[in-house]
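*Asks:* Got a structure here, written out as structure tokens. Questions coming.
The values are calculated or read from the model by the stated rules, or taken from the named source; none is laboratory data. Every value quoted in this text rests on a predicted model; they were computed, and no experiment measured them. Don't worry about glycine lacking a Cβ; one is built from the backbone with ideal geometry, like all the others, and counts go over all protein chains shown. Each accessible area value is taken on the protein alone, full model and side chains, heavy atoms only, with ligands, DNA and RNA left out. Shrake-Rupley method; radii C 1.70, N 1.55, O 1.52, S 1.80 Å.
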Amino acid sequence: MSNETFAPFDSADYINTFDDVAAYLEAVIEDADDDPRVIAAALGAIARSRNLSQIAREAGLSREGLYKALSTDGNPSLATVVRVAHALGLRLRFQALA
């Protein structure tokens with residue numbers, strides 16, 4: 001038996017470039033089945049891959065508030081999602097389903 005230990009998977013460890021951000025969000029949104037908690041958690045992973053404290057400041061939130069809002073148990077308002085997206089250099093866009 002091996003004594004190997006493994007760290008929990010965190011997608012934030014693999015989001016390094018803006019192209020990574022775009023690809024990650026596209027994949028999450030496609031698979032989210034319109035579950036806003038999944039999309040919020042994805043924004044949280046992106047924020048963690050950057051400087052969470054700086055993103056929180058730019059979004060007008062505390063670090064703890066941002067972390068909680070973008071966790072899988074969080075329920076951020078649309079205003080929070082928009083402010084975080086802008087702090088990450090992103091813009092929300094809507095397109096027709098069909």
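*Asks:* In the stretch 3-23, is there at least one residue being in a loop (DSSP other than H, G, I, E, B), open to solvent by less than 50 Å² (accessible area, probe 1.4 Å) and on the phi < 0 side of the Ramachandran plot?
*Replies:* If we filter the stretch 3-23 for residues that are in a loop (DSSP other than H, G, I, E, B), which is where we start, we get 3-10, 15-17.
Still in the list and also open to solvent by less than 50 Å² (accessible area, probe 1.4 Å): 10, 15.
Within this subset, residues satisfying the condition of being on the phi < 0 side of the Ramachandran plot are 10, 15.
Yes - at least one qualifying residue is present in the stretch 3-23.
*Asks:* Can I ask one more? Any idea which of (1) in contact (Cβ under 8 Å) with a residue 24 or more places away in the chain; (2) closer than 13 Å to Thr72 by Cα is the one Ala47 doesn't satisfy?
*Replies:* (2)
*Asks:* Still on this structure, please answer the following. Taking Leu66 and the conditions (1) more than 21 Å from Phe9 (Cβ to Cβ); (2) touching a residue at least 24 places away in the same chain (Cβ under 8 Å); (3) part of a helix (DSSP H, G or I), which numbered condition does it fall short on, given that it satisfies the others?
*Replies:* Every listed condition holds for Leu66 apart from (2).
*Asks:* Across the stretch 13-22, which residue is nearest to the chain's Cα centre (by Cα) among those that are free of Cβ contacts under 8 Å to residues at least 40 places away in the same chain and farther than 15 Å from Arg93 by Cα?
*Replies:* Here is the first cut: in the stretch 13-22, the ones free of Cβ contacts under 8 Å to residues at least 40 places away in the same chain are 13-17, 19-20, 22.
Going one step further and asking which of them are farther than 15 Å from Arg93 by Cα, we end up with 13-17, 19-20.
Values: Asp13: 12, Tyr14: 13, Ile15: 10, Asn16: 13, Thr17: 14, Asp19: 14, Asp20: 12 Å.
Selected residue: Ile15.
*Asks:* Condition first: more than 19 Å from Asp13 (Cα to Cα) and either open to solvent by 10 Å² or more (accessible area, probe 1.4 Å) or not in a helix (DSSP H, G or I) (or both). Now tell me which residues in the stretch 38-62 satisfy that.
*Replies:* Correct list: Arg57, Glu58, Gly60, Leu61, Ser62.
*Asks:* Just to verify a result, which residue in the stretch 24-37, among those that are modelled with pLDDT under 90 and surrounded by 11 or more Cβ atoms within 10 Å (Cβ to Cβ), is nearest to Lys68 (Cα to Cα)?
*Replies:* Arg37
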